[in-house]
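Below is one structure; the comments refer to it alone.
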Number of protein chains: 4
Amino acid sequence: MRVGVLTGGGDCPGLNAVIRAVVRKGTQEYEYDFVGFRDGWRGPLEGDTVPLDIPAVRGILPRGGTILGSSRTNPFKQEDGVRRIRENLAKNEVDALVAIGGEDTLGVAARLSGEHGIPCVGVPKTIDNDLSATDYTFGFDTAVGVATEAIDRLHTTAESHMRVLVVEVMGRHAGWIALHSGLAGGANVILIPEQRFDIEQVCDWVESRFKVRYAPIVVVAEGAMPKDGQMVLKDDSTDSFGHVRLSGVGEWLAKEIERRTGKEARTTVLGHTQRGGTPSAFDRWLATRFGLHAIDAVRDGDFGKMVALRGTDIVRVPIAEATAKLKTVDPKLYSEAGVFFG
Amino acid sequence: MRVGVLTGGGDCPGLNAVIRAVVRKGTQEYEYDFVGFRDGWRGPLEGDTVPLDIPAVRGILPRGGTILGSSRTNPFKQEDGVRRIRENLAKNEVDALVAIGGEDTLGVAARLSGEHGIPCVGVPKTIDNDLSATDYTFGFDTAVGVATEAIDRLHTTAESHMRVLVVEVMGRHAGWIALHSGLAGGANVILIPEQRFDIEQVCDWVESRFKVRYAPIVVVAEGAMPKDGQMVLKDDSTDSFGHVRLSGVGEWLAKEIERRTGKEARTTVLGHTQRGGTPSAFDRWLATRFGLHAIDAVRDGDFGKMVALRGTDIVRVPIAEATAKLKTVDPKLYSEAGVFFG
Amino acid sequence: MRVGVLTGGGDCPGLNAVIRAVVRKGTQEYEYDFVGFRDGWRGPLEGDTVPLDIPAVRGILPRGGTILGSSRTNPFKQEDGVRRIRENLAKNEVDALVAIGGEDTLGVAARLSGEHGIPCVGVPKTIDNDLSATDYTFGFDTAVGVATEAIDRLHTTAESHMRVLVVEVMGRHAGWIALHSGLAGGANVILIPEQRFDIEQVCDWVESRFKVRYAPIVVVAEGAMPKDGQMVLKDDSTDSFGHVRLSGVGEWLAKEIERRTGKEARTTVLGHTQRGGTPSAFDRWLATRFGLHAIDAVRDGDFGKMVALRGTDIVRVPIAEATAKLKTVDPKLYSEAGVFFG
Amino acid sequence: MRVGVLTGGGDCPGLNAVIRAVVRKGTQEYEYDFVGFRDGWRGPLEGDTVPLDIPAVRGILPRGGTILGSSRTNPFKQEDGVRRIRENLAKNEVDALVAIGGEDTLGVAARLSGEHGIPCVGVPKTIDNDLSATDYTFGFDTAVGVATEAIDRLHTTAESHMRVLVVEVMGRHAGWIALHSGLAGGANVILIPEQRFDIEQVCDWVESRFKVRYAPIVVVAEGAMPKDGQMVLKDDSTDSFGHVRLSGVGEWLAKEIERRTGKEARTTVLGHTQRGGTPSAFDRWLATRFGLHAIDAVRDGDFGKMVALRGTDIVRVPIAEATAKLKTVDPKLYSEAGVFFG
């Protein structure tokens, strides 16, 4: 048995931990061979491989990034994509694929498995934690940790000076990072994409905070938006992957708060620091267990499935179902956090 | 409505986050008053109180320890304990208690609620994560993080030098910290109290590790024990709380490995660094949510219950049930980790 | 003997460590009394005091910010400023002042000492490390640490993806933080205010980096500027203290690199996270020793002086001299770092 | 020109940063070739080499350990050692050596340069900071940081519980790590090898600390010793390098304090966690500059010298002088810290 492994989509701490667990268990317990495909689906599409065995995965557990590289290549958007993948798998004598990635990468795995009989097992990956089938995805805890540490550092400035401090965190469509880091960091306002905010309400919270001789910390997800008519985003462009890029809500917010309240405001934009670096212990544990269970699914011939966390258990769910719906922040959960606003 | 709050048992990062959430939500949403009892059950027993309102909980979220102090005082071991508690609650016009603590502290709350009609809600706390009713307890993630960071640092020494590195972590009866940090840190041997280890097997793993030009890292829970006849603990004493204190398994292991393999070994004993300091983001989130839901239970008059984590939900379970059985490491889970040994 | 203490200017990790050392040694060894003045020179100007004794400084060593508050109030710009200070010092029976602050705060201390006979000792504080009389100022090491950790995290993203990563760090007039964190973090381009950069050269370095299959990390001080004609800053405003605020060089750079090279670029703006939070061990050590030696200067009646670090020694220098000239990055030192560019 | 590089002695964060800087500057600016010798002086002695060029040093800056391996092999204790080194250098066409190491490793370099005409430049390395010719050595700041973070975590336990917390840190002959981390961490007692401690005085400090309702933290260097007659070390053995190994002063102290004061005491032994892992920003900066200046010394033909830090400058000093005398903690400096004891 020879198993191919690939990683697709954006960077996410824990990818290497998955790869290592897959290879260690597959080699030692099931005597499988492995081959790495480079840069997500580009690898099997172009037959670009890299050797993958136990020495290759030594020491990678604590490292961010992915030794296999990544891309957002979609074989279904390429001429003859499926045929070329099939050929390259055959040429490399690959019997099954473990695909580690987000919605897009796994969506390809689901179709290859379901429609084309190419045996794939999925491992879910999204720093944003917005996948409905699993309690958590790896990388999320690390991102929340980075954001929380930043907020912690801002508190002392908030105590000493009378400034509004705005922190822009990741989260284009879901506010999980903002919500968790905002709660953990003791933010005074948390703004998420799921619920348009009222800039007047934000300014009220800001001003009520100053009254207790303490400066407010505002955590805002990059995808958060004010109510209709309250904001004109200064920059609406699309990035090279065709995603809309809404840069600047943090800076916009700082300026708008300054303008409306007369208080100085400063912005921190954490950017890609949230998705790089060594994974947290939680993420390494989760990623390792995902890897161990993914190779078990291969052994069981349980294809078209992905591994998922439920409580403390790792289960298997159909990829297609799992990626169908974005997991956004429940309004009830968001309002639970509201007790700390202002 | 006036609610008393107390914290009992050993130190655990997140205690202050619980207190803050209880007081913030109780004050702002339910207009309750609060009183803090000092040093666990000693507080209501002796009527030792401290003011507890929103200013008192400001800034405590990221801080380890507990602003209320702690002790292991058990009112059922004191003459007239229940009566004195009842009197002191009456004197302070306290209508309900939120008790934050481990098995012992919550056991008292269960009996006070169940047998004596004193309305208590429990919040579970154990750094060791060994409570069966909840997926995780706060403090555990922080402890695992501290231990994992220590193991990370040892890896470079392991690469450069040909020494065995032994890390002793907490866990007298359950090996959760050893298992999680050992897996997250990429340890080569993990020893837990649930399963007696064979020192010969340990030495085999150690030697097989040296063969790949890499020094082994051994993570051992303080309560781990070798097979019968393999060890005479150098020091068997009881601490001031009557618990047996088995110090020294880490150092014993290092010496025994040196003696048997001829390789040098060095020990790191993390001790109380695992249970102090700022809580991780995960633990602040969990502790905060526990606090929010505990005060909801008070409002609902749902006494004799404790809050618990199930997946991503906070639920309520009877305290008595919840503390009945120690949650130890499942042998299957431990053997899952075995693929990384040696 | 009764000594007043105040902290002025921007936030800086280590301020509390200075205050604690001054009070501990002054109280225990010299039996002085202390009084804290609130918010820099506003305190003695308005007679706004806070009690300052050993219990007041307990536990503050690891905390960022300042328990005394801060401001940028300049008594020489206030009517009757000197007279009012003299009166408030007399009213509080203050015999000497320890002023902890940057160029502005210390400049006031120098004039009060030199021209008006008000006995002041200075402790230098600038996160930017741009004070010529001392090898280092406290807070700087912490800021460099925060920036370096951010750069570390970006490296894994740089390895996995083909994006330019721009990090904007503090440093309006001096590039010390950019230089140290850029070198420590292994940045591929470091841009500092002391030397106008050529955007074409920056793009050359960026492109040469991509050739070794690695994405470039560009560290830019907030005060760095391109050559004449290469940049129009989008926003030139002044903050409430009258300082020119040049926000946005990081974002400008990312966009300009995208435009010129066709590569995607992402920006991280660390902002105030660099000046908040717990001080590094180095900064606590330096701040503590500054405090111990400042109170020695008071005891010796050595006024008009400030403490300074020379090698591993703490010395005293005239405040006036010390603050006369900005310590900028030596071109030779900057060019030493150039070996790592590109 | 072809330059050999080797690293000797104990592990120390920053070794890789030196190697990288030497190779980057030597290759890019001086067009030198490099060869790595494995495991300290064992490499040139046995002709064991490893390729060393720019790709080989990519990504190693933030990593602990040394890519060249290390040992304590002393060629002067080997038959024909010098001749064999000379032959292996000739065989590998090596014109000069950069030796990175502590007293022993540099002592060999001094003799090879001085007595045998083998051109060596030294880079000083000691985690203990006990080299007299330089203000600081790299690795020290990282070790102090690890120890300080541990002490920070213990403080919350100290606040909540009434226990004595003992932390054993590195420092066999010099107390620099204990002194710096103890001061930075706010320890209540600091014990160093330079001055025998009086266990009765220690217990007095411990008890006076409890009086302010706070538990004491005792930092002890591994080489600290009580006064004559107060202690019998339970274990006096020599390690494989012939150094005396005095394990256990931390644990001994905890037990002795328990016995004498009746208070519980707990020990943390940080061990090798202090000398592994990623170097601090300060250490990376220092190690990088040492490397840049070491290769400049090679270019200048300035052999028999080592680089050293003086203030913020890197200078060159004769190796022989530099390693002649151990830099111990000045009694005046130690007594300066005494104001924080008890």
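The values are calculated or read from the model by the stated rules, or taken from the named source; none is laboratory data. Note that the coordinates shown come from a computational prediction; the quantities given were computed from them, not determined experimentally. Positions of Cβ are generated from backbone atoms using ideal geometry, with glycine treated the same way; all protein chains shown enter the neighbour counts. All accessible areas refer to the heavy atoms of the entire protein, side chains included, with ligands and DNA or RNA removed. Shrake-Rupley method; radii C 1.70, N 1.55, O 1.52, S 1.80 Å.
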**Request:** State the percent of C-alpha pairs, over all pairs in chain B, separated by a distance greater than 27 angstrom.
**Result:** 47
**Prompt:** Lysine pairs, Cα distance under 17 Å, 8 or more residues apart or cross-chain: how many in the stretch C:141-276?
**Reply:** 4
**Message:** Which three extents, in angstrom, do the Cα atoms of the stretch A:33-81 have along their principal axes, listed largest first?
**Reply:** 38, 23, 11
**Request:** Please work out how much accessible surface C:E149 shows to a 1.4 Å probe, ignoring ligands, DNA and RNA, in Å² rounded to 10.
**Result:** 80
**Per-pair calculated FRET efficiency, R0 = 41 Å: D:M1 and A:E46 via Cβ, rounded to 0.05** = 0.45
**Fill in**
Using the Kirkwood formula on alpha carbons, the hydrodynamic radius of the stretch B:142-274 in angstrom works out to 14.7
**Request:** Between C:E31 and D:R196, with labels modelled 7 Å along Cα→Cβ, what's the label distance in nm to one decimal, could you check?
**Result:** 3.4
**Item:** Student exercise, the protein assembly as shown dipole from Lys, Arg, Asp, Glu Cβ charges, in Debye to nearest 20
**Value:** 0
**Asked** What net charge is computed for the residues neighbouring B:L333, neighbours being all others with C-beta under 11 Å from the C-beta of B:L333, Lys and Arg scored +1, Asp and Glu -1?
**Response** -2
**Message:** Treating only the Cβ of Lys, Arg, Asp and Glu as charged (+1, +1, -1, -1), what charge dipole size does the stretch D:140-274 show about its Cα centre? Round to the nearest 20 debye.
**Reply:** 360
**Prompt:** How far, in whole Å, is the nearest Cβ of chain C from the axis relating it by rotation to chain B, and which residue carries it?
**Reply:** C:T278, 4
**Asked** How big is the antiparallel share of DSSP beta bridges in chain C, given as a percent to the nearest 5?
**Response** 30
**the protein assembly as shown - share of DSSP beta bridges that are antiparallel (%, nearest 5)** = 30
**Prompt:** If one takes the accessible area of chain A alone plus chain C alone and subtracts that of the pair, with a 1.4 Å probe, what total in Å², rounded to the nearest 100, results?
**Reply:** 3400
**Message:** List the lysines whose Cα sits under 23 Å from the Cα of B:K125, skipping any in the same chain fewer than 8 residues away.
**Reply:** B:K25, B:K77, B:K305, B:K325, B:K327
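Kirkwood Rh, the stretch D:94-164, all Cα pairs: how many Å? Kindly include the intermediate steps, with their values, before the conclusion.
Numbers: mean 1/r = 0.0673 Å⁻¹.
After inverting the mean inverse Cα-Cα distance, the result is 14.9 Å.
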**Request:** Could you pull out which residues in the stretch D:118-145 have an amide N less than 18 Å from a spot 7 Å beyond the Cα of D:A90, following the Cα-Cβ vector?
**Result:** D:118-120
**Prompt:** Which one of A:G64, A:G117, A:G43 has the biggest mean-square fluctuation once chain A is modelled by GNM with Cα springs under 10 Å?
**Reply:** A:G117
**Fill in**
Sorted on mean Cβ neighbours within 10 Å (highest first), peptides D:279-286, B:96-103, A:209-216 come out as D:279-286, B:96-103, A:209-216
**Fill in**
Computed about the Cα centre, the charge dipole of chain D from +1 Lys/Arg and -1 Asp/Glu charges at the Cβ has a magnitude in debye, to the nearest 20, of 380
**Asked** Considering only DSSP beta bridges with both partners in the stretch D:140-274, what is the antiparallel share in %, to the nearest 5?
**Response** 10
**Request:** Once you've got the GNM for chain D with C-alpha springs shorter than 10 Å, pick whichever of D:G248, D:G229, D:G175 has the biggest mean-square fluctuation.
**Result:** D:G229
**Prompt:** Which FRET efficiency value, to the nearest 0.05, is calculated for C:D300 and D:D330 with the Förster distance at 25 angstrom and r the Cβ-Cβ distance?
**Reply:** 0.80
**Item:** Percentage relative contact order, the stretch C:141-276, counting C-alpha pairs under 8 Å, at least six apart
**Value:** 33
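For the stretch B:66-112, report the convex hull volume of the alpha-carbon atoms normalised per residue, in Å³, without decimals.
Values: hull volume 4.2 nm³, N = 47.
Taking the convex hull of the Cα positions in the stretch B:66-112, it is 88 Å³ per residue.
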**Request:** Could you quote the convex hull projected area for the stretch B:17-154, Cα atoms only and averaged over all directions, in nm²?
**Result:** 9.8
**Calculated P(r) tail over 51 Å for the protein assembly as shown, as whole % of Cα pairs** = 26
**Prompt:** Using a probe of 1.4 angstrom, how much of the accessible area of chain D is carbon and sulfur, in percent?
**Reply:** 45
**Asked** With springs only between Cα atoms under 10 Å, which of C:I190, C:I295, C:I54 fluctuates most in a Gaussian network model of chain C?
**Response** C:I54
**Message:** In Å², and per residue, what accessible area does chain A have when probed at 1.4 Å with the other protein chains present?
**Reply:** 34
**Complete:** If each part is reduced to its alpha-carbon centroid, the stretch B:294-322 and the stretch B:200-225 end up apart, in Å, by 42
